[in-house]
Amino acid sequence: MTTKLLLTFAICRLIVTVGLTVDPSELLLLGVDGQLSVDQFDVETASLDFGLLTRAEPMAVLHPGSADDIARLVRAAYISSHGFTVSARGHGHSINGQAQTSNGVVIEMSGGSRGSRFGLRKLDKPQVSIKEKHVDVWGGELWIDVLRSTLEHGLAPKSWTDYLYLSVGGTLSNGGISGQAFNHGPQISNVYELDVVTGKGELSTCSEEKNSELFHAVLGGLGQFGIITRARIALEPAPQRVRWIRVLYSNFSTFTGDQEYLISLHGNPYSQKFDYVEGFVIVDEGLINNWRSSFFSPRNPVKISSIGANGGVLYCLEITKNYDEATADTIDQEVEALMKRLNFIPSSVFTTDLPYIDFLDRVHKAELKLRAKGLWEVPHPWLNLFVPKSRMADLDRGVFKGILGNNKTSGPILIYPMNKSKWDQRSSVVTPDEDVFYLVALLRSALDNGEETQSLEYLTNQNHKILRFCDDAGIKVKQYLPHYTTQEEWMDHFGDKWDQFSRRKMEFDPRHILATGQRIFNPSFPSSTRTVSPW
């Protein structure tokens, strides 16, 4: 009775404060285990994301106590005579408001609740199966907590993102990539099973064998087909330590040639390949010794001018080899054998050893440093591109040495290749139509420090110039974590997959009420008196 009174009060506040047009009885009938909140702090938190580029005005925030809570809410939205939208929010790390909505309810997935229907009760930890080498986790679980739970059993997921304070459902809705993707594929290639609440409010289990169309639609589906409440993730024996190596290049073709050679070894025995291959571009003196490059000793800073960079640009290859006590005696010779084939600048080798969890959680340490300086909660006009291998040299000339030039930058520019064969083409993700493609990620922060080249306006315009250059040069890039403003742009993005994508939308979210912050589809409600648009 008390719960219903509180919920009634919350709905009345919605009607008074934000003009909610939903019939109150529709939400009163939800009977959620969690909390439907109109608290100012909750609404404000849900109105922003990591990008700080957009602001939304959600009507309410649901803190679910179970997967059934989510199903009840979505079902209410689906059958509502008035209509409202639903958006799942993990750690809020999107850039352009993809997890926001101004016309409905935001579900805070990473607030500590767990699904109940399939044995994942509130506040349960991830459930590890040592025998089957998998872990069942709540969709809002952060990857850092998944790692900590699996390490207790000597196991760990195979594929990662560089930053572990992201939700499982969030990365699986996009792809989930890091330096292991060349070998194991993205995170969406390492999932056995999902529980998903579709846009009809139906809670379904799906896998390769069961409801396979939903399974492949949701993986990389940008939240368009359902909300992930549980994921069964593949595990492998966890290494104990990591040999972490960075080397520099002044020649772009030599740099990419070595990267492509290293990822071609993915089918080799474990001892004959690296476990992680990434890299980044250094376009100014400061970046090589900044927070993302803190690997280098501050007592011995690296100077681009001292190495003789071609066109004022350097390239850094970042590689690791995992090991434990059983392989500690052979790690040196394995690394030496692999590096003999590489053509880096001999004097530029930097090496360190550290525990496995410390390597995987390395970006969080950098985050803490930035937070201490007030440089974390700033706008992040990030641009992530998948670029076909055959056009990387053109991108280097036009972007790294051209548009970016020698401008002082405020964040890393990642660049590393992946094998298309490791990506399941049945998923919703689109990649360039070549066997090898690169991630080029400009992860820059807009700073209000008086420097024009670090302002939000300047960086945003620079992103537009980069996209326009690619378009004019015929470089068929695909955005990762895509952001477009028209459906025509989305149709171009998905290309041959668009018909399948739109068909799946009609099947699993026919009223287009999920993830409207992506701006792909316009919600459709039966009431002639109300039409909601995410634009």
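The values are calculated or read from the model by the stated rules, or taken from the named source; none is laboratory data. Quick caveat, the model's predicted, so the values are computed rather than measured. A quick note on method: Cβ atoms are made from the backbone with ideal geometry, for glycine too, and the neighbour counts reach across all protein chains shown. Calculation scope for accessible area: heavy atoms of the full protein, side chains included, ligands and nucleic acids excluded. Shrake-Rupley method; radii C 1.70, N 1.55, O 1.52, S 1.80 Å.
In sequence order, region 244-255 has phi-based couplings of 10, 10, 10, 9, 10, 9, 10, 10, 5, 5, 5, 4 Hz under the Karplus curve 6.51 cos²θ - 1.76 cosθ + 1.60, θ = phi - 60°, and Gly or Pro positions carry x.
Across all Cα pairs in region 347-463, the calculated P(r) in 5 Å bins from zero up to the longest distance comes to 2, 9, 15, 16, 16, 18, 15, 8, 1, 0 percent per bin. Counting only residues at least eight positions apart within a chain, or on another chain, the aspartates and glutamates with an alpha carbon under 15 Å from that of Lys369 are Asp361, Glu377. Among the chymotrypsin sites (Phe, Trp or Tyr not before Pro) in region 157-235, none is located in a DSSP loop while being surrounded by at most 12 other Cβ atoms within 10 Å of its own Cβ.
Considering all alpha-carbon pairs of region 132-231, what whole percent are spaced by more than 15 angstrom? Percent of Cα pairs beyond 15 Å in region 132-231: 59.
Exposure check, 1.4 Å probe, all protein chains in place: His93 carries approximately 40 Å² of accessible surface. Taking amide H as placed 1.01 Å from N in the peptide plane, Glu141 has its amide H under 5 Å from the amide H of Val168, Gly169, each at least 5 places away in sequence or on another chain. Rounded to the nearest Hz, the phi-derived 3J(HN,Hα) couplings of region 165-176 under the Karplus curve 6.51 cos²θ - 1.76 cosθ + 1.60 (θ = phi - 60°) are 8, 10, 7, 4, x, x, 6, 5, 7, 10, x, x, where x marks glycine and proline.
For Tyr416, nonlocal amide neighbours, meaning residues 5 or more places apart or on other chains whose placed amide H falls under 5 Å from its own, are Leu439. A Cα-only calculation for region 241-479 places Rg and Dmax at 18.1, 54 Å. Residue ranges 75-88, 33-46 sort as 75-88, 33-46 when ordered by packing (mean number of other C-beta atoms within 10 Å per residue, highest first).
Surface listing: His512, His184 arranged by accessible area from highest to lowest gives His184, His512, probe 1.4 Å. Please report the net charge: other residues with Cβ closer than 10 Å to the Cβ of Ile331, K and R +1, D and E -1. So the environment of Ile331 carries a net charge of -3.
Only protein heavy atoms count here; on that basis, with a 1.4 Å probe, Trp498 has an accessible area of about 20 Å². If ligands, DNA and RNA are left out, what is the accessible area of Met392 with a 1.4 Å probe, given in Å² to the nearest 10? Solvent-accessible area, nearest 10 Å²: 0 Å². Where a Cα-Cα gap under 24 Å defines reach, which lysines qualify for Lys273, not counting those fewer than 8 residues away within the same chain? Within the straight-line limit of under 24 Å, Lys273 reaches these lysines: Lys133, Lys158, Lys321, Lys340, Lys389, Lys420, Lys422.
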